Amino acid sequence: MSFKENVNLHVDKSAKLLNFSDDLLEHLKSIHSLIKVNVGVVLDEKIHNFTGWRAVHSEHILPSKGGLRYSENVDQDDTEALASLMTYKCAIVNIPFGGAKGGLKINPKNYTMSELRAITKAFATKLINRGFISPALNVPAPDVGTSEREMEWILDTYKSLKPDDINYRGCVTGKPLHRGGIAGRTEATGRGIEEVIREIFRHKDIIKESNLKNELKENEIIIQGFGNVGSNLAKHLYNRDKAKIIAIGERDGYLFNKNGIDINALIEFYKKNENINNPKLGEFKNNPSELLELNCDILIPAALENVITIKNVNKVKAKLIIEAANGPISFEADQKLHDKGVFIIPDIYVNAGGVVVSYFEWVKDISHIRFGRVEKRFQEQKILEIIDLIDKKTNTKTDFDTIKNILHGADEEDLAFSGLEDSMRNAFTEIYKTRKQIKKSFRESAYYVSLKKIRNFYTDEGFPKR
Ligand code: GLU
């Protein structure tokens, strides 16, 4: 079964509960526009050919939004499936975007930086000239194999092709800060997932139902993937929640430490060595697939799709699975886990933090002002006045160090993370309430919430009222 078929089976299940009509469902599941490009780039006096796609799954709100992936495994079906996940994701967290995704079939590790720049610019030129990248219509962001570096190259390309577009900075998100990016975007997906986990631990009924230990820090956690999402998630869980992460997996194996891995040390090590094989921090095992089968409380696949399938599902021992990656569990495996009583918090909600902060970045770009720029000092002045008033009323004098600690008007990152937390928590409440009402899994409830919101757009646009 293909990735797209997997996603659509989930859509069908929840659409049925909502009594969707067949015509609307068919329209909703279809890809609304798609481009396939072949890019020829001269490197070493030879033409190198690359194939890429950009799929727009929905346009009920514009621009359509979603990452751009560089991987040898990219193909049209996966790109379409990932684009559809973006549609459902944006609806769940109330982000006013349609869903899109793009990909280039390439192993970025095989090319130098200047070669990658030339390839990215050639790919972007094609997409821009055909209307598949623009601040108003279609806005890429980093994904597997891309980062703020690629976004900056795309921005440069867009700016040189459309110099009269005053909103040119909004043509991509996940850019470097000095090019119109937003503070906190790189960490946003990981930080958003941390908010999901914190929210779970605020709901004691879920903890009981899933047999987890009461406090987050008492549970043993495994994370598959130490890329942008996995490492930032691990960093926040370790530093802010004192979480015990007993294993981290990468492509070549996993690091195991029953007492919990020192994540800060691992991040430092990874920066220098680009791998997690550090015997000082744990035992490294060369068998990457074994990771998902280890004893643990919470399993977090944060790498690629389709890692838990019918082949290994019976060996999974986790009580709670947090889908940080897009589509890590196949449809059949999902059913099996559900029947076994394993709690699964689905991708379309869990990893939405990235696009939430992308939205803030895009709003910043088209409004041409940084969040917090005008009110930060005003807020600080008000805090000072309140401290002064309390001092007067109580006849005391607050010392300088205390004032220094309290006095902090919100800067851009504070506001981005505050908006992120709010979006993730509100969405959790909606899914949680829906789950109680329809008495189905978290995934069915998440799709239910999402589809219900999307349907409103169609009835308003003249489709028959249902
Ligand atoms: N690539 C990320 C995702 O799959 C981010 C998308 C975005 O920010 O547009 O959600």
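Using 21 Å as the Cα-Cα cut-off, could you pick out the over-long pairs in K4/K235; K29/K89; K317/K439; K105/K315; K4/K29? In this structure, K4/K235; K317/K439; K105/K315 exceed 21 Å between Cα atoms. Only beta bridges with both residues in the chain are counted; by DSSP, about 50 percent of them are antiparallel.
Per the 1.4 Å probe, what fraction of the accessible area of the range 113-167, in percent, lies on carbon and sulfur atoms?
Values: 1210 of 2330 Å².
In the range 113-167, the share of accessible area belonging to carbon and sulfur is 52 percent.
Given the options N314, P279, S441, identify the residue whose Cα lies farthest towards the positive end of the charge dipole of the chain (+1 on Cβ of Lys, Arg; -1 on Cβ of Asp, Glu). After comparing all options, I get S441. Under the criterion of Cα pairs below 8 Å and six or more residues apart, the relative contact order for the chain equals 15 percent. Normalised Debye scattering of the range 225-314 at q = 0.14, 0.19 Å⁻¹ gives log10 I(q)/I(0) of -0.45, -0.85, counting only Cα atoms as equal scatterers and leaving out solvent.
Report Rg(Cα)/(2.2 N^0.38 Å) for the chain, keeping two decimals.
Numbers: Rg = 22.9 Å, N = 466, 2.2 N^0.38 = 22.7 Å.
Taking N as the residue count of the chain, the ratio is 1.01.
Magnitude of the charge dipole for the chain, about its Cα centre and with charges confined to Cβ atoms of Lys, Arg (+1) and Asp, Glu (-1), is about 580 debye.
A dipole drawn for the chain from +1 and -1 charges on Cβ atoms has a positive end, and of L68, A91, G180 the residue lying farthest that way is A91. Which of rounded, prolate or oblate describes the range 254-380 when judged by the alpha-carbon gyration tensor and an a/c cut-off of 1.5? Oblate.
Using 0.36 nm per residue and subtracting the Cα-Cα separation, the extra length available between L18 and N167 on full extension is 49.8 nm. The charge dipole of the range 1-134, taken about the Cα centre with unit charges on the Cβ atoms of Lys, Arg (+1) and Asp, Glu (-1), comes to about 420 debye, rounded to the nearest 20.
Across the range 231-242, computed HN-Hα scalar couplings (Karplus, 6.51 cos²θ - 1.76 cosθ + 1.60, θ = phi - 60°) run 6, 5, 4, 4, 4, 5, 4, 6, 7, 8, 10, 6 Hz from first to last residue, x flagging Gly and Pro. Here each label is just a point 7 Å from Cα along the line to Cβ, and for R240 and T394 those points are 2.9 nm apart.
Express in nm, to one decimal, how much length is gained between D156 and S289 on full extension, taking 0.36 nm for each residue of separation and deducting their alpha carbon distance. If you can, show how the numbers build up before the last one.
Numbers: separation 133, 0.36 × 133 = 47.88 nm, distance 4.02 nm.
Separation in residues times 0.36 nm, less the Cα-Cα distance, equals 43.9 nm.
Rounded, prolate or oblate: pick one for the range 76-187, where a ≥ b ≥ c are the square roots of the eigenvalues of its C-alpha gyration tensor, a/c under 1.5 means rounded, and failing that, prolate if a/b is larger than b/c, else oblate.
Values: a/c = 1.39, a/b = 1.15, b/c = 1.21.
Rounded is the answer for the range 76-187, as its axis ratio a/c remains below 1.5.
Less than 5 angstrom separates the built amide H of L34 from those of V56, all sequence-distant by 5 or more or on a different chain.
First select every other residue whose beta carbon is under 10 angstrom from the beta carbon of Y447; then total the charges, Lys and Arg +1, Asp and Glu -1. Before the final figure, lay out each step's value.
On the way: positive: K13, K440, R443, K452; negative: D12, E444.
Neighbourhood net charge equals +2.
Summary value for the range 250-353: 22 percent relative contact order, contacts being C-alpha pairs under 8 angstrom separated by 6+ residues.
Per residue, the chain exposes an accessible area of 45 Å² to a 1.4 Å probe, with every protein chain left in place.
Close amide H pairs (under 5 Å, H built 1.01 Å from N) link S64 with G98, N138, V139, residues at least 5 positions away or on another chain.
The values are calculated or read from the model by the stated rules, or taken from the named source; none is laboratory data. Since we're looking at a predicted model, the values are computed, not measured. Glycine gets a Cβ as well: all are built from the backbone with ideal geometry, and neighbour counts include every protein chain shown. The protein model used for the area step is the full one, side chains on, heavy atoms only, and it has no ligands, DNA or RNA in it. Shrake-Rupley method; radii C 1.70, N 1.55, O 1.52, S 1.80 Å.
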